[in-house]
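K.L.:
Here it is: the structure, laid out below.
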Amino acid sequence: MIHSSSVGHAFVAISKGGAVQERIAKEGGKVFVLNVDSKIPSFSAVRSLYHLFKTVKPDVVHCRGAEANFHGLLAAWAAGVPVRIVEEIGIPTHGRLGKALFRLVYMFSHRVVAISDAVQNWLVDNREVLRSKTVRIYNPVQVERHDNKNRVAPCDSVFRICFVGRLEEVKNPTSLIRAVSLLRNENIPVELVIVGDGSQREECVSLCSELGVGDVVSLVGYSSAPLNYVTQCDLYVQPSLSEGFGIALVEAMLCGVPVLATAVGGAPEIIRDGHNGWLTEACDPASLADAIIKIWKNRAELPVVGEAAYKSVNGRFDISKYITELDALYNEVSSVRRN
């Protein structure tokens, strides 16, 4: 559903709108899909956005993600939009040229939103943005509460693990598969379900065959309802090399599922190691396997940790809270611009 806001919103997709466009339109939201190239740099994207902004005359343009930030900010500045805000949704991988480019582009913004302290600190430490220009607003996360009574209780005969995410190098799925092989060598009765798709899918399939773990690793592909898999596992594992926030991590915790994550990005802001989940400093297969073995040996604690996980995130990342913070930001910047 579309949550209440004091601001009128319109959704703009530079390339294709996809499921987001369809959902917003279905719920009565205003949608613009430009169907132009969004790869940086794209003159057609800047031109199309410029013409849209000149026609619609928005009071605020809020860009989200690298392509939107780059093209949308330039177009909004050229079109004379009064308030220009960008949002960084992950830990950037900018090289020297990229840092210089975005440092220049962000000069045209009034605020830069970071989705976690980790993202905010990266932007400031790498001198892309002045700290005084940044604001941290956590990603909103909402799931239907899955009662623990519907979850299969932990047992000694099988240890069910789940991972949800893009099958890309940054998400590190191959290390988790290799960790499963190490766990089997230690006679841990592990089963792994991987939900998601990406460029490493075939590599993951081949790796399972090579390591002989195809019978205990299920690659189910993309799912529109990934929590149906998450709620049936004993442990959710996020082995990412980098993670700006960790929406899937919070979703698992909101379902009362114990979690293990690499201590990167926003994960340490969400997890208190040993209390509402576990953190591992390294993300190589051996380190992941060692962390999982320790959890397996203390599996009687899983229900307690799962409940602590739920309590620690319940209400913390509500959509209504996110909207309130954004509305306050829009009003604050607008007031400063008027005075």
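The values are calculated or read from the model by the stated rules, or taken from the named source; none is laboratory data. Note that the structure is a prediction, hence the values are computed from the model and not measured. Glycine gets a Cβ as well: all are built from the backbone with ideal geometry, and neighbour counts include every protein chain shown. The protein model used for the area step is the full one, side chains on, heavy atoms only, and it has no ligands, DNA or RNA in it. Shrake-Rupley method; radii C 1.70, N 1.55, O 1.52, S 1.80 Å.
K.L.:
So which residues in region 204-225 are closer than 23 Å to residue 155 by Cα, touching a residue at least 24 places away in the same chain (Cβ under 8 Å) and in a loop (DSSP other than H, G, I, E, B)?
P.N.:
Across region 204-225, the qualifying residues are 213, 216.
K.L.:
May I pose another question? If you scan region 9-52, which residues turn out to be modelled with pLDDT under 95, part of a helix (DSSP H, G or I) and open to solvent by 100 Å² or more (accessible area, probe 1.4 Å)?
P.N.:
22, 23, 26
K.L.:
For region 241-256, which positions are over 10 Å from the mean Cα position of the chain (by Cα), surrounded by 24 or more Cβ atoms within 10 Å (Cβ to Cβ) and under 12 Å from residue 163 (Cα atoms)?
P.N.:
252, the sole residue that qualifies.
K.L.:
Ok, one more. Please go through region 184-202 and give me each residue that is of a type in the set (Asp, Glu) and within 23 Å of the chain's Cα centre (by Cα), ordered by number.
P.N.:
Here is the first cut: in region 184-202, the residues of a type in the set (Asp, Glu) are 186, 191, 197, 202.
Hit for region 184-202 is 197, nothing else.
K.L.:
Another question about this same structure. Evaluate the following for residue 201: is it farther than 18 Å from residue 158 by Cβ and open to solvent by 30 Å² or more (accessible area, probe 1.4 Å)?
P.N.:
On the way: farther than 18 Å from residue 158 by Cβ: yes; open to solvent by 30 Å² or more (accessible area, probe 1.4 Å): yes.
Taking the combined requirement at face value, the residue satisfies it.
K.L.:
Something else now. Any chance region 91-106 includes a residue that's touching a Ser or Thr at 6+ places or on another chain (Cβ under 6 Å), open to solvent by 30 Å² or more (accessible area, probe 1.4 Å) and over 24 Å from residue 330 (Cβ atoms)? Let's see the steps before the verdict.
P.N.:
Just the residues of region 91-106 that are touching a Ser or Thr at 6+ places or on another chain (Cβ under 6 Å), to begin with: 91.
From what is left, the residues that are open to solvent by 30 Å² or more (accessible area, probe 1.4 Å) are 91.
Within this subset, residues satisfying the condition of being over 24 Å from residue 330 (Cβ atoms) are 91.
Checked against the condition, which is being touching a Ser or Thr at 6+ places or on another chain (Cβ under 6 Å), open to solvent by 30 Å² or more (accessible area, probe 1.4 Å) and over 24 Å from residue 330 (Cβ atoms), region 91-106 yields at least one hit.
K.L.:
Hey, another quick one. Given the options 46, 33, 56, name the one that is more than 30 Å from residue 264 (Cβ to Cβ), under 24 Å from the mean Cα position of the chain (by Cα) and free of Cβ contacts under 8 Å to residues at least 60 places away in the same chain.
P.N.:
33
Results for (1) more than 15 Å from the chain's Cα centre (by Cα); (2) farther than 29 Å from residue 317 by Cα; (3) polar (S, T, N, Q); (4) in a helix (DSSP H, G or I), shown as yes or no for each residue.
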| position | (1), (2), (3), (4) |
| --- | --- |
| 74 | yes, yes, no, yes |
| 86 | yes, no, no, no |
| 93 | yes, no, yes, no |
| 98 | yes, yes, no, yes |
| 105 | yes, yes, no, yes |
| 118 | no, no, no, yes |
| 135 | yes, no, no, no |
| 140 | no, no, no, no |
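K.L.:
When you check residue 144 against the structure, is it more than 30 Å from residue 183 (Cα to Cα), at pLDDT 95 or above and among the charged types (D, E, K, R), yes or no? Please lay out each step first, then the result.
P.N.:
Working: more than 30 Å from residue 183 (Cα to Cα): yes; at pLDDT 95 or above: no; among the charged types (D, E, K, R): yes.
No: the conditions fail for residue 144.
K.L.:
May I pose another question? Collect the residues in region 53-78 that are farther than 22 Å from residue 332 by Cβ and not aliphatic (A, V, I, L, M), keeping them in residue-number order. Can you show your working first?
P.N.:
Going through region 53-78, the residues farther than 22 Å from residue 332 by Cβ turn out to be 54-56, 65-67, 70-71, 74-75, 78.
Within region 53-78, 54, 55, 65, 67, 70, 71 meet the criteria.
K.L.:
I would also like to ask the following. Could you tell me which residue of region 188-203 is farthest from residue 167 (Cα to Cα), considering only residues that are in contact (Cβ under 8 Å) with a residue 24 or more places away in the chain and acidic (Asp, Glu)?
P.N.:
Applying the first criterion (in contact (Cβ under 8 Å) with a residue 24 or more places away in the chain) to region 188-203 yields 188-201, 203.
Then drop every residue that is not acidic (Asp, Glu), which leaves 191, 197, 203.
Details: 191: 18, 197: 5, 203: 9 Å.
Among residues in region 188-203 that are in contact (Cβ under 8 Å) with a residue 24 or more places away in the chain and acidic (Asp, Glu), the one farthest from residue 167 (Cα to Cα) is 191.
K.L.:
Moving on. Answer with yes or no whether residue 85 is touching a Gly at 6+ places or on another chain (Cβ under 9 Å) and hydrophobic (A, V, I, L, M, F, W, C).
P.N.:
On the way: touching a Gly at 6+ places or on another chain (Cβ under 9 Å): no; hydrophobic (A, V, I, L, M, F, W, C): yes.
Spelling it out, it is not the case that residue 85 is touching a Gly at 6+ places or on another chain (Cβ under 9 Å) and hydrophobic (A, V, I, L, M, F, W, C).
K.L.:
I'm checking my understanding of the structure. Among residues of region 217-235 that are aliphatic (A, V, I, L, M) and closer than 20 Å to residue 258 by Cα, which one is surrounded by the fewest Cβ atoms within 10 Å (Cβ to Cβ)? Give the steps one after another, and end with the answer.
P.N.:
Pass one, region 217-235, residues aliphatic (A, V, I, L, M): 217, 219-220, 225, 227, 230, 235.
Then drop every residue that is not closer than 20 Å to residue 258 by Cα, which leaves 217, 225, 227, 230, 235.
Values: 217: 23, 225: 8, 227: 20, 230: 24, 235: 27.
Out of the qualifying residues, it is 225.
K.L.:
Right, here's the next one. Under 30 Å from residue 5 (Cα atoms), part of a helix (DSSP H, G or I) and of a type in the set (A, V, I, L, M): is that true of residue 300 in this structure?
P.N.:
Working: under 30 Å from residue 5 (Cα atoms): no; part of a helix (DSSP H, G or I): yes; of a type in the set (A, V, I, L, M): yes.
For residue 300, the condition - under 30 Å from residue 5 (Cα atoms), part of a helix (DSSP H, G or I) and of a type in the set (A, V, I, L, M) - is not met.
K.L.:
Out of all the residues in region 182-198, which are open to solvent by 60 Å² or more (accessible area, probe 1.4 Å), out of contact with any Phe, Trp or Tyr (no Cβ under 6 Å at 6 or more places or on another chain) and not in a helix (DSSP H, G or I)? Full working, then the answer.
P.N.:
Step one: list which residues in region 182-198 are open to solvent by 60 Å² or more (accessible area, probe 1.4 Å), which gives 182, 184-187, 191, 197.
Now drop any that are not out of contact with any Phe, Trp or Tyr (no Cβ under 6 Å at 6 or more places or on another chain), which leaves 182, 184-187, 191.
The answer is 186, 187, 191.
K.L.:
Within the set of pairs 6+ apart or on separate chains, which have a first residue in region 232-252 that is farther than 13 Å from residue 316 by Cβ, a second that is part of a loop (DSSP other than H, G, I, E, B) and among the basic types (Lys, Arg), and C-beta atoms under 9 Å apart?
P.N.:
Every condition considered, the pairs that remain are 232/151; 233/151; 234/151.
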